[in-house]
Amino acid sequence: MAKFRNAEDRFITLGYLAQAFCDSGEFEAMLHYALQQMELANERHDEYMKSEAFLNLAKAYERLADFSKALSYGKASLQHPSMDPRTPGYAHLAIACAHLGFSQFQNCLEAFEQAMNVANETGDKLLELQICVGLGSLFTLLRDLSKALIFLRNAMAIIQSVTVDDVHAKYRCTILYHLSVALRMRGSLVEAKEACDEALQLASETGNRALHARCMCSLADIYRELGESEAKETIT
């Protein structure tokens with residue numbers, strides 16, 4: 001990083017590093033680079049940099065399950081002007097995910113709606129995709145599995161238009177994981193296993209250790225319920 005004399009180039013590179021570690025599930029490393037972004041933004045007294053740095057801090061803390069800090073930094077990002085009109089949408093998304101972590105479902109839904117407004121205004125399909133995944137997760141927790149599956153299948157439809165292989169694999173993996181959970185809860189165990197098997201393979205290929213672990217847990221739940229189902233059939 002010392003090679004970058006230009007502060008903006010250094011800031012952008014720190015952002016890329018934060019995102020790369022986020023994608024690989026190394027959230028402590030992501031936080032490290034987000035904090036460096038914040039330090040640089042403060043040194044420069046740059047309000048636009050602060051908006052982006054606060055957003056990356058919110059995302060990092062949400063992934064680390066420190067939902068109070070995620071909410072604070074997400075709101076801080078919204079209080080600063082942004083160069084990219086999509087940035088507020090991702091801040092609302094981080095806030096929604098933090099509310100979801102606290103089981104504050106009404107606040108979560110409102111933040112998702114605000115994020116979707118930005119996605120529609122800017123035509124950002126990747127933001128829309130992540131909102132659909134978040135809504136799928138929300139309605140899964142609420143046991144409204146019909147709505148959950150609608151949003152997750154909407155996300156799967158959006159990902160079909162993504163042509164960059166690594167981006168496609170990353171989001172397809174996430175969607176399949178959430179689908180496996182919702183399908184298992186609905187009792188569609190064979191479909192759930194197929195979705196989880198593919199998600200597990202994609203998580204391994206993309207090096208996402210955090211999602212790989214979640215897929216393993218989902219698969220264990222599916223096998224347990226498959227075993228119970230087979231046992232019931234044997235008894236009857």
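Is at least one residue of the stretch 84-106 outside any helix (DSSP H, G or I), basic (Lys, Arg) and surrounded by fewer than 21 Cβ atoms within 10 Å (Cβ to Cβ)?
Yes: one or more hits.
Quick one: count up the residues across the stretch 25-48 that are surrounded by fewer than 24 Cβ atoms within 10 Å (Cβ to Cβ) and either of a type in the set (A, V, I, L, M) or in contact with a Cys (Cβ under 8 Å, 6 or more places away or on another chain) (or both).
Result for the stretch 25-48: 6.
Condition check ((1) over 21 Å from Lys75 (Cα atoms); (2) of a type in the set (Gly, Ala, Ser); (3) in a helix (DSSP H, G or I)) across all residues:
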| residue | (1), (2), (3) |
| --- | --- |
| Asn120 | no, no, yes |
| Arg143 | yes, no, no |
| Arg153 | yes, no, yes |
| Ile158 | yes, no, yes |
| Ser161 | yes, yes, no |
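How many of the residues making up the stretch 105-139 are within 14 Å of the chain's Cα centre (by Cα) and among the hydroxyl-bearing types (Ser, Thr, Tyr)?
Number of matching residues: 1.
Tell me the residue from Leu64, Leu109, Leu138 that is surrounded by fewer than 24 Cβ atoms within 10 Å (Cβ to Cβ), touching a Cys at 6+ places or on another chain (Cβ under 8 Å) and at pLDDT 95 or above, please.
Details: Leu64 fails: touching a Cys at 6+ places or on another chain (Cβ under 8 Å); Leu109 fails: touching a Cys at 6+ places or on another chain (Cβ under 8 Å).
After applying the criteria, what remains is Leu138.
Listed residues Arg172, Arg224; which is free of Cβ contacts under 8 Å to residues at least 24 places away in the same chain and surrounded by fewer than 22 Cβ atoms within 10 Å (Cβ to Cβ)?
Arg224
Among (1) assigned to a helix (DSSP H, G or I); (2) under 16 Å from the mean Cα position of the chain (by Cα), which single condition is Ala76 missing?
Unmet condition: (2).
Taking the residues in the stretch 13-36 that are assigned to a helix (DSSP H, G or I) and charged (D, E, K, R) as candidates, determine which candidate is modelled with the highest pLDDT.
Among those residues, the one meeting the criterion is Glu28.
Would you pick out the residues in the stretch 1-24 that are of a type in the set (Ser, Thr, Tyr) and either over 21 Å from Thr174 (Cβ atoms) or loosely packed, with under 15 Cβ neighbours inside 10 Å (or both)? Reasoning before the result, please.
Restricting attention to the stretch 1-24, the residues satisfying the condition of being of a type in the set (Ser, Thr, Tyr) are 13, 16, 24.
The answer is Thr13, Tyr16.
Among the residues of the stretch 117-134, write down those that are within 20 Å of Val167 (Cα to Cα) and of a type in the set (A, V, I, L, M).
Ala119, Leu126, Leu127, Leu129, Ile131, Val133
One line per residue, one yes/no per condition, for (1) more than 24 Å from Thr87 (Cβ to Cβ); (2) of a type in the set (Gly, Ala, Ser):
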residue: Gln114; (1), (2): no, no
residue: Ser137; (1), (2): no, yes
residue: Val162; (1), (2): no, no
residue: Asp166; (1), (2): no, no
residue: Leu179; (1), (2): yes, no
residue: Ala195; (1), (2): yes, yes
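I need every pair where a residue in the stretch 194-214 that is over 12 Å from Tyr171 (Cβ atoms) has its Cβ under 7 Å from the Cβ of a residue that is among the basic types (Lys, Arg) and buried (at least 23 other Cβ atoms within 10 Å of the Cβ), sequence separation at least 6 or different chains.
Between residues of the stretch 194-214 that are over 12 Å from Tyr171 (Cβ atoms) and residues that are among the basic types (Lys, Arg) and buried (at least 23 other Cβ atoms within 10 Å of the Cβ), there is no close pair.
Test each condition in (1) touching a residue at least 40 places away in the same chain (Cβ under 8 Å); (2) not assigned by the TED database to the domain that holds Ser72 for Ile159 and report the one that comes out false.
(1)
The values are calculated or read from the model by the stated rules, or taken from the named source; none is laboratory data. No experiment lies behind these values; they were computed from the predicted model shown. Cβ: placed from backbone, ideal geometry, glycine included. Neighbour counts: every protein chain shown.
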